[in-house]
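Step one of this worksheet: look at the structure below.
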Amino acid sequence: MTFSVVTPFRLVRALGVSGARNPAIYLLICDGSAAATVEADLLAETAVQLGATIHVSPASKVLRNSLPSWHDGSIRLVYFDAWLPDLVQALDRHSALLVQDGGQLLLLADEKSAERILSVAPNLRSRLTDVFRIGPDDLSGGLPA
(Lines give C-alpha, C1' and ligand atoms only; values in the text may rest on other atoms or scores of the structure.)
Protein backbone atom coordinates (compact mmCIF):
# COMPACT_ATOMS: atom_id res chain seq x y z
CA MET A 1 0.00 0.00 0.00
CA THR A 2 1.10 3.55 -0.67
CA PHE A 3 0.75 6.24 1.98
CA SER A 4 1.90 9.83 2.27
CA VAL A 5 5.20 10.40 4.00
CA VAL A 6 5.46 12.67 7.04
CA THR A 7 8.17 13.63 9.50
CA PRO A 8 7.64 14.05 13.23
CA PHE A 9 8.00 17.83 12.79
CA ARG A 10 5.20 17.99 10.22
CA LEU A 11 2.92 15.60 12.12
CA VAL A 12 3.21 17.58 15.35
CA ARG A 13 2.64 20.79 13.43
CA ALA A 14 -0.59 19.25 12.04
CA LEU A 15 -1.64 18.26 15.57
CA GLY A 16 -1.04 21.84 16.67
CA VAL A 17 -2.96 23.34 13.76
CA SER A 18 -5.94 21.07 14.39
CA GLY A 19 -5.92 22.22 17.99
CA ALA A 20 -5.71 20.64 21.37
CA ARG A 21 -8.64 18.49 22.32
CA ASN A 22 -9.44 17.79 18.66
CA PRO A 23 -9.89 14.00 18.56
CA ALA A 24 -7.57 12.19 16.17
CA ILE A 25 -6.17 8.71 15.61
CA TYR A 26 -3.17 8.28 13.33
CA LEU A 27 -1.57 5.04 12.19
CA LEU A 28 2.11 5.71 11.61
CA ILE A 29 4.12 3.19 9.61
CA CYS A 30 7.79 3.17 10.47
CA ASP A 31 10.75 1.00 9.61
CA GLY A 32 11.60 -0.90 12.79
CA SER A 33 15.19 0.36 12.88
CA ALA A 34 13.99 3.99 12.89
CA ALA A 35 11.22 3.60 15.48
CA ALA A 36 13.27 4.75 18.48
CA THR A 37 14.49 7.83 16.60
CA VAL A 38 10.96 8.66 15.41
CA GLU A 39 9.65 8.28 18.96
CA ALA A 40 12.36 10.61 20.29
CA ASP A 41 11.65 13.14 17.52
CA LEU A 42 7.90 13.05 18.30
CA LEU A 43 8.57 13.61 22.02
CA ALA A 44 10.92 16.52 21.31
CA GLU A 45 8.69 18.17 18.71
CA THR A 46 5.62 17.88 20.93
CA ALA A 47 7.49 19.50 23.83
CA VAL A 48 8.86 22.33 21.64
CA GLN A 49 5.87 23.03 19.38
CA LEU A 50 2.97 22.29 21.71
CA GLY A 51 4.48 22.54 25.17
CA ALA A 52 2.95 19.13 25.83
CA THR A 53 4.10 15.63 26.69
CA ILE A 54 3.28 12.48 24.76
CA HIS A 55 2.40 9.52 26.96
CA VAL A 56 4.29 6.58 25.43
CA SER A 57 3.35 2.93 25.90
CA PRO A 58 4.70 -0.13 24.17
CA ALA A 59 1.82 -2.30 22.97
CA SER A 60 3.09 -5.17 25.09
CA LYS A 61 2.51 -3.06 28.23
CA VAL A 62 -0.97 -1.77 27.35
CA LEU A 63 -3.63 -3.79 29.12
CA ARG A 64 -5.06 -6.03 26.45
CA ASN A 65 -8.64 -6.25 27.64
CA SER A 66 -8.82 -3.15 29.78
CA LEU A 67 -7.61 -0.10 27.91
CA PRO A 68 -6.43 2.76 30.11
CA SER A 69 -8.51 5.91 30.25
CA TRP A 70 -7.49 8.24 27.45
CA HIS A 71 -10.21 10.79 28.04
CA ASP A 72 -8.04 13.63 29.29
CA GLY A 73 -7.29 15.37 26.00
CA SER A 74 -3.72 14.11 26.02
CA ILE A 75 -1.57 12.77 23.21
CA ARG A 76 -0.83 9.05 23.47
CA LEU A 77 1.68 7.03 21.49
CA VAL A 78 1.34 3.26 21.40
CA TYR A 79 4.11 1.55 19.50
CA PHE A 80 3.66 -2.04 18.43
CA ASP A 81 6.77 -3.74 19.73
CA ALA A 82 4.98 -7.07 19.16
CA TRP A 83 1.88 -8.25 17.32
CA LEU A 84 -0.91 -8.49 19.91
CA PRO A 85 -4.21 -9.56 18.33
CA ASP A 86 -6.08 -9.12 21.64
CA LEU A 87 -4.95 -5.50 21.88
CA VAL A 88 -5.87 -4.81 18.25
CA GLN A 89 -9.32 -6.34 18.86
CA ALA A 90 -9.75 -4.15 21.96
CA LEU A 91 -8.71 -1.03 20.03
CA ASP A 92 -11.12 -2.00 17.26
CA ARG A 93 -13.98 -2.73 19.66
CA HIS A 94 -13.49 0.53 21.59
CA SER A 95 -12.38 2.77 18.73
CA ALA A 96 -15.34 5.13 19.18
CA LEU A 97 -14.35 5.74 22.79
CA LEU A 98 -10.58 6.07 22.41
CA VAL A 99 -10.46 9.80 21.76
CA GLN A 100 -14.03 10.92 22.38
CA ASP A 101 -12.99 13.65 24.81
CA GLY A 102 -10.38 15.22 22.59
CA GLY A 103 -7.45 12.87 22.98
CA GLN A 104 -5.04 12.21 20.16
CA LEU A 105 -3.77 8.68 19.65
CA LEU A 106 -0.71 7.81 17.58
CA LEU A 107 -0.23 4.15 16.71
CA LEU A 108 3.33 3.45 15.59
CA ALA A 109 3.84 0.14 13.81
CA ASP A 110 6.11 -1.52 11.28
CA GLU A 111 4.66 -2.17 7.85
CA LYS A 112 3.63 -5.76 8.53
CA SER A 113 1.80 -4.86 11.76
CA ALA A 114 0.15 -1.84 10.14
CA GLU A 115 -1.18 -3.98 7.29
CA ARG A 116 -2.56 -6.47 9.80
CA ILE A 117 -4.19 -3.68 11.83
CA LEU A 118 -5.83 -2.29 8.70
CA SER A 119 -7.10 -5.71 7.64
CA VAL A 120 -8.43 -7.02 10.98
CA ALA A 121 -9.72 -3.85 12.65
CA PRO A 122 -12.45 -2.33 10.45
CA ASN A 123 -13.93 -0.09 13.16
CA LEU A 124 -10.54 1.35 14.03
CA ARG A 125 -9.70 1.72 10.33
CA SER A 126 -12.86 3.76 9.75
CA ARG A 127 -11.97 6.11 12.64
CA LEU A 128 -8.38 6.77 11.54
CA THR A 129 -7.70 10.43 10.88
CA ASP A 130 -4.93 9.35 8.50
CA VAL A 131 -2.26 6.76 7.80
CA PHE A 132 1.29 7.97 7.16
CA ARG A 133 4.72 6.55 6.58
CA ILE A 134 6.92 8.31 9.10
CA GLY A 135 10.67 8.59 9.32
CA PRO A 136 13.14 10.60 11.38
CA ASP A 137 13.42 14.32 10.77
CA ASP A 138 16.13 15.15 8.23
CA LEU A 139 18.35 17.54 10.15
CA SER A 140 20.73 18.01 7.23
CA GLY A 141 18.24 20.17 5.36
CA GLY A 142 18.43 17.75 2.45
CA LEU A 143 22.13 18.40 1.90
CA PRO A 144 24.24 15.45 0.82
CA ALA A 145 26.35 13.92 3.56
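The values are calculated or read from the model by the stated rules, or taken from the named source; none is laboratory data. Everything quoted here is computed from the prediction, not taken from an experiment. Quick reminder, even Gly has a Cβ in these numbers, built from the backbone with ideal geometry, and neighbours come from all protein chains shown.
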With the condition kept exactly as written, say whether any residue in region 95-104 is modelled with pLDDT of 90 or more and out of contact with any Gly (no Cβ under 7 Å at 6 or more places or on another chain).
-> no
Quickly run through region 1-30 and pick out the residues that are under 27 Å from N123 (Cβ atoms) and part of a loop (DSSP other than H, G, I, E, B).
-> M1, T2, F3, G19, A20, R21, N22, P23, C30
Which of the residues that make up region 31-43 are assigned to a helix (DSSP H, G or I) and either loosely packed, with under 15 Cβ neighbours inside 10 Å or not small (G, A, S) (or both)?
-> G32, S33, A34, A36, T37, V38, E39, A40, D41, L42, L43
All but one of (1) touching a helix residue (DSSP H, G or I) at 6+ places or on another chain (Cβ under 7 Å); (2) under 17 Å from G103 (Cα atoms); (3) modelled with pLDDT under 90; (4) not polar (S, T, N, Q) hold for R64; which doesn't?
-> (2)
The correct count of residues that are of a type in the set (G, A, S), modelled with pLDDT under 95 and surrounded by 14 or more Cβ atoms within 10 Å (Cβ to Cβ) in region 114-145 is 1
